[in-house]
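Q: Dumping the structure here so I can ask a few things about it.
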Amino acid sequence: MPGKLKAKIVAGRHLPVMDRASDLTDAFVEVKFGNTTFKTDVYPKSLNPQWNSEWFKFEVDDEDLQDEPLQITVLDHDTYSANDAIGKVYIDIDPLLCSEAATVISGWLPIYDTIHGIRGEINVLVKVDLFNDLNRFRQSSCGVKFFCTTSIPRCYRAVMVHGFVEELVVNEDPEYQWIDRIRTPRASNEARQRLIFLMSGELQRKIGLKVLEMGGNAVVGYLQCFDLEGESGLVVRAIGTACTLEKISTFPATATHPNNSSPSKDMKEPGFGEEAPGVPLSSGPPTPLRAQTFSSFSPSKSYSRQSSSSDTELSLTPKTVGIFLCPSTPALESESSPLPSAHLPCHLRPGMASRSTTPPPLHISQSDTAMLRKSVSFSEELLLAVSGMGSGGSAGKEAGPLKALLRQQTQSALEQREYPFFTLTAFPPGFLLHVGGVVSARSVKLLDRIHNPDEPETRDAWWEEIRQEIKSHAKALGCHAVVGYSESTSICEEVCILSASGTAAVLSSRFMQDGPLDTEHRLSRQPLCVFSTGSERVEGDMGSSASLGFEEVVSPGCGFCHIPYDELNIPFPAQLTYCYCCRRYKVPDVLFTTIDLPTEANVTGKGCLIQARLCRTKKKAQGEGNATAISSLLPFLEYELHTQLMNKLKLRGMNALFGLRIQISVGETMLLGLASATGVYLTALPSPGGIQIAGKTPSDITYEQHISTMQKKINDTIDKNKELYEINPPEVVEEIIGSPIPEPRQRSRLFRSHSESSDEVSELDLSHGKKDAFVLEIDDTDAVEDIHALLTDSPTPAGFYSCNTEIMPGIQNWTSAIQMFTSVRVFRLNANLTNQGLNKIFSDLCENLLKSLYFKLRSMVPCCLCHLNFTVAIPEDELIQVAVTAVAMSFDKEQPLENGKQSGEKTLIKAITENDEQLQFNLELNAETSSHNPLSSPKGLSEVGSHLSARAPSVDYSSFADRCSSWIEQLKLKAHTIRRGSVKTTSSLEKASPLPEGRSRSLRSNRSYSGSSVAVVKMTPLSFIPGAKIIKYLGIINMFFIRETSSLREEGGVSGFLHTFIAEVFAMVRAHVAALGGNAVVSYSMKECVFMENPNKNQAQCLINVSGDAVIFVRESELESTSVQTQSATTHTSNGGEGT
Amino acid sequence: MSVELDVFVGNTTIMDKEVYQLWLNGYTVNDAVKVRIEGGVMEECEASAEVLLSDTMDQYRTFQMCERLLHHPAKLANQLLFQIPPDRQAMLIERYYAFDDSFVREVLGKKLSKGTKKDLDDVSTKTGITLKSCRRQFDNFKRVFKVVEELKGPLVENIRQHFLLPDQLARDYAAIVFFANNRFETGKKKLQYLTFQDFAFCAGQLINNWTLGAVDNMMEDMDVDLDKEFLQDLKDLKILITDKDLLDQHKSRVNNETSHPLSLVCNALRGKTNVFNEMEANFKNLSRGLVNIAAKLINAKDVRDFFIDLVEKFIEPCRSDKWTSIDMNLYLTHYTNSAHILDTFKHHAVWTRYMGVIKSCILRMYHD
């Protein structure tokens, strides 16, 4: 019984009129948690009731605390009839369960009704008293911190990055239960909202347990998604990266945080080394075995391409399998067998055991399905299709003992993990060594009712399949990890496309096995590595190993571009050159990644948003036929998206894509593909060649002329773009090493799927040819249109830049002006459109949306739209929905913008200083210092100077109590100048009320100090706020709302309805953040926006899911203005640190 | 093919001042787009008409959603739905409550009733202001009127606090409320030359001097009604014209004063002998006019005719005699002051209170 939840209902305001006769309301409140309900008195005849209730206390398990939301219902008392509900507030109390997050929820929260929207506000106070539970078998995971941010949060340091955590829970969707026929829409919506709240709470708790098991104390890059599978149920799934984080602080107190103390001590490496590497090797003929495996789980449900003819068309299997399979298999065996699995305690999960015991059928099936999808997915990475086949090759291809040894350390650490995946997109310096390229996998499934919600095995198996595939792709690229990993689904009727993508990478061992107690561990592993290396095939390349051996020392600006794979066994045809920065290692000609641009990267010029958009019609079909049709369309879709991206990248004179996100959306009669990424020119990579147009058939002169004008246009555009994005790399002598794979033709062509026939595909050329020979071949009039389409992407207006990553290279001097926004458009199509027509419409839709955004935000110029996140959906047969969430940030044009290498170095320095010098303090702390703590004593001040130079003095705010106790400790240590009396008062006061009392009071006084009646809350999809320091993370915000109306016209039509709803969602997010004591949400995202309408019935419904991290930030300018006090405070703390 | 739904929501609500004005002016979306295109915003920002239409629609929707809050400006500051910076909030309120002088001239002093609202289409055609805008302005007047009608304390202050209006605008609203409450006639042809600001000034004078609140701020009465006691007392001033002696005495005093050799201005005035002479000739008429107005103010109906009386009984005769406003000022000053030195005249306080307002009103109203 380890927790006491306390809630107090203070007052209400702006309540709606519930009694027409008196124009007033007799309101009272029900407070419900779990099965316990309390009620306030009725406050008669007022729209601004003052309940001022007693403290309602709930004594509950911490498990429930994590799962359940606190539910507050405001009702209108009616003597004669049933009480009318005014609305509800769900409060996620998770942030209160973590000592480092918020300690009290206090403030005005909007009362929300799914039919009427926001109806007034209620002022509540919520606290939790948590007793420590040391039960080893506990089911709760209180204290594990969750972050949506996909990098190490700003005021933390990563002690250890443990790796991938995932979980999913399923349930029946209340909307599809039989009872839904007899209950009101409101009841149904509320049941759904509540269920999803419960499910996400449960999910978070389960993930937390896994994190604790791994020895971590936080989940970074937490990504939670809903799959509304309709009849077949509701799936909530989440992935994240388990880490051990440490608050950057010199407080001695923080070192003793329960979870921080010795992360590696109780760390359990998941021990799946023995099964992971060898798994996807399809050594046998795939087809016969496949049937067998599918029968083992849901034969009718999983869908791979059944037609064998297309397999041969696409996969090029024979060739590649021949290349990779033989050498790698023995090496893997030798590596995996000596690993004593007993040595590493397994991290087990229900359902996992069965998998590891029966790998062969399962995995063969996967590799087979993979094969078709591989050709799909790898089209992104220069059509890496081939590489996918040679899965598991990385260990075998390791060349050179030294390099291998270095690699092996991390690799073995990683390979023992089930999935060496990281949802992070930005990394601490030195963590990311090399980037291989994008890996992705998709699979088409048929949904079936989830029979037993407690055993979500089918869904689990689906994802496992995909993850295995991703893992094998990464291996093929010579990488042992996947970073920037994400998963998504698209559902239409009973067909579901599961997608996963990430960036294959080689990571440094530093963050995975550091820690004082881990040395032993590592030592014991090293011989293993040597052994396995010894047995490996070394025959390949002593030469290259010599060059690659010391890569850890390589300059950070280009190191990540160096190829991780063996150049003689390139898994795909690519041109390698020596790095343009260091001239020592090989780099590819183009690099695609899903991660953010590393801060240390050397970039020439600025970047820009690049989008590939595609629409494909599809025949209406049912069930299996439909799934087959979709899976046969997918490869073409992906290939064309890739070609479009490549063309657009070249057109902008750039050579790398970051933050690549490909979304495939399925509808009844069409498939939509949208790929967004930020193009940049990496200084380390060779300059991209131009685009050449060639007429396929020699024809008359007008045609030639036409081509030459087209060519001129393209060249002009490239020149213009180079100027626009300030791309002027230093000229260098080019040395193309060339691909070892023979290149029959030195060019690739622009394909359109409708013109593709199987014979064309078979002669499909995988190389992109020599540098200047990127050729677009025109063989018919459609191609001309394609090129037109290529050129119609209108440039961003003057003063605007755009990207879908966190930061824009070449822009540093951000001002504090930020504007987060969400824009949604739904477009109705005419029936009977050709692919061509659809494409154009879709492309225009996106372009126009961007143009509108630029226009809307024109007052912020010069500015950059960052983190432009497009989401497409096909809500109905002829509708396309595009939703964008992004932030516009202005920057200062006045300061000269550095270019090229210089800027790269500068950013690096900046990044480092930002990471290290976390000079944090709290306004609140400040006030205390001056008010009842005579600590800003002359002594403190006198030491300011000496400590300014000292590195990273900072203060911890984990909790008031903590802070006080550490204050006291310091005072004891050096208690000369300080009057003890006043300090003692403080401490005794704190003892009287362990956590919240003192804090809530000071918080409130803080808030009232700010003056304005409604606190301003900033929102941004980025992980930082320009010009400000995040001093505290208050917890994760994860909210789900449903809104429905049956008076659509009266509410301003669909636009009016959605506009209000989105504004309401923003308002509720802001209010909850403010109630936690925060003033901003970072890493905000709208993960779901499902809109359905029925104009004939005058009805509409919308579901929105948003998430982010609530934080407290302080403006840097404020920091400076109050720096004297801070300095004195930090001086004390750092002294304390030294003293101990 | 059509855009079925198109919304843009910013964390900080984006509002374009120009579009807001167009919305306030009652333009339809399409008309607003036309105006914006003519304004050249398209060339400035490389936008297309489509973009402009989308933006305008979006802004209009935002304004409509805000309108509810603007009806109770205090709510705008503590609502949670829109995050609007305080300076923006002030702008929104100020512009929403701003009105056209030509419109207010049409309804000033009229009862703010449904009947008047029905006639707004006539006002709209007459003034060229869109009906929508007329309705908003009318509703604003009515809303302010209804709120402050019930409130105690100073009128201007009440308006400012409840509607968060800037000082000048609050004063204007006070004037409108005051006029509507007392139903002053302002629509007569003879009054057409007066602007709203003229009336607002006069209203300010009346509110500050003639209402109950003017005497005692602490009084729990309203600022919108004239001080009945004072109006009663005004009847006593009649002695100035009914008593023949007093009248003559007053006249000579005024003449003496104006002809005082030490006064430079008087010399100037005397220089214009014709003005001086006519003044002398008209003294009885003018004085009778002013005192009669005072005496009748106790009747509500005569209160309504206050301004028309001022014009007919005083301003017009002076204008036909071609007085300058300097002449007028001088005359009124002496006229007021000299009454105090009349032996038998006892009502000094009432006289000062009355003539102070009359003087400033007449001076304000004395123009072409």
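The values are calculated or read from the model by the stated rules, or taken from the named source; none is laboratory data. Just so it is clear, the structure is predicted and the values come from calculations on it, not from any experiment. Positions of Cβ are generated from backbone atoms using ideal geometry, with glycine treated the same way; all protein chains shown enter the neighbour counts.
Q: Which of the residues belonging to segment B:34-49 are out of contact with any Phe, Trp or Tyr (no Cβ under 9 Å at 6 or more places or on another chain) and farther than 19 Å from residue A:798 by Cα?
A: Of everything in segment B:34-49, those that are out of contact with any Phe, Trp or Tyr (no Cβ under 9 Å at 6 or more places or on another chain) and farther than 19 Å from residue A:798 by Cα turn out to be B:36, B:37, B:38, B:39.
Q: Filter segment A:824-836 down to the residues that are over 26 Å from the mean Cα position of the chain (by Cα) and at the interface with chain B (Cβ under 9 Å from one of its Cβ atoms) and list them by number.
A: Correct list: A:827, A:828, A:829, A:830, A:833.
Q: Does any residue in segment B:156-170 that is within 17 Å of residue B:71 (Cβ to Cβ) and in contact (Cβ under 8 Å) with a residue 12 or more places away in the chain come within less than 7 Å, Cβ to Cβ, of a residue that is part of a helix (DSSP H, G or I) and of a type in the set (D, E, K, R) six or more places away or on a different chain, and which pairs are these?
A: The qualifying pairs are B:165/B:94; B:169/B:94; B:170/B:160.
Q: What are the pairs, 6+ residues apart or on separate chains, where a residue within segment A:162-182 that is in a strand (DSSP E or B) has its Cβ under 6 Å from a residue that is surrounded by fewer than 23 Cβ atoms within 10 Å (Cβ to Cβ) and among the small types (Gly, Ala, Ser)?
A: A:170/A:233
Q: Give me the pairs: first residue in segment A:1034-1058 and over 30 Å from residue A:1076 (Cβ atoms) and within 12 Å of another protein chain (Cβ to nearest Cβ), second residue β-branched (Val, Ile, Thr) and assigned to a strand (DSSP E or B), beta-carbon distance under 8 Å, and six or more apart or on different chains, which are they?
A: Once the first residue is over 30 Å from residue A:1076 (Cβ atoms) and within 12 Å of another protein chain (Cβ to nearest Cβ) and sits in segment A:1034-1058, its partners that are β-branched (Val, Ile, Thr) and assigned to a strand (DSSP E or B) give A:1051/A:1045; A:1054/A:826; A:1055/B:7.
Q: Quick one: residue B:78 ticks every box in (1) within 11 Å of chain A (Cβ to nearest Cβ); (2) touching a residue at least 24 places away in the same chain (Cβ under 8 Å); (3) surrounded by fewer than 16 Cβ atoms within 10 Å (Cβ to Cβ) bar one, so which box is it?
A: (2)
Q: How do the pairs read when you match residues in segment A:1-29 that are over 15 Å from residue A:74 (Cβ atoms) and among the acidic types (Asp, Glu) with residues anywhere that are outside any strand (DSSP E or B) and at pLDDT 90 or above, using Cβ under 8 Å and keeping only pairs 6 or more apart or on different chains?
A: Correct list of pairs: A:23/A:17.
Q: Being among the hydroxyl-bearing types (Ser, Thr, Tyr) and in contact with a strand residue (DSSP E or B) (Cβ under 7 Å, 6 or more places away or on another chain): is that true of residue B:54 here?
A: For residue B:54, the condition - among the hydroxyl-bearing types (Ser, Thr, Tyr) and in contact with a strand residue (DSSP E or B) (Cβ under 7 Å, 6 or more places away or on another chain) - is met.
Q: So, one more: Restrict the check to segment A:1076-1083 and report whether at least one residue is assigned to a strand (DSSP E or B), more than 11 Å from every other protein chain (Cβ to nearest Cβ), touching a residue at least 60 places away in the same chain (Cβ under 8 Å) and under 27 Å from residue A:878 (Cα atoms).
A: no
Q: Looking at A:855, A:870, can you tell me which residue is at pLDDT 90 or above, on the phi < 0 side of the Ramachandran plot and away from chain B (no Cβ under 14 Å)?
A: A:870
Q: Looking at residue A:808, is it within 14 Å of chain B (Cβ to nearest Cβ) and at pLDDT 75 or above?
A: No.
Q: I would also like to ask the following. Looking only at segment B:82-100, filter to residues that are buried (at least 21 other Cβ atoms within 10 Å of the Cβ) and in a loop (DSSP other than H, G, I, E, B); which one of those is farthest from the other protein chains (Cβ to nearest Cβ)?
A: Applying the filter and picking the extreme gives B:99.
This table checks each residue for (1) within 14 Å of chain B (Cβ to nearest Cβ); (2) closer than 30 Å to residue A:420 by Cβ; (3) among the small types (Gly, Ala, Ser).
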| site | (1), (2), (3) |
| --- | --- |
| A:79 | no, no, no |
| A:100 | no, yes, no |
| A:109 | yes, no, no |
| A:126 | no, no, no |
| A:140 | no, yes, yes |
| A:154 | no, yes, no |
| A:166 | no, yes, no |
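Q: Moving to a separate point now. Tell me which of these residue B:334 doesn't satisfy, since it passes every other one: (1) in a helix (DSSP H, G or I); (2) under 13 Å from residue B:366 (Cβ atoms).
A: Evaluating residue B:334 over (1) in a helix (DSSP H, G or I); (2) under 13 Å from residue B:366 (Cβ atoms) leaves (2) as the failure.
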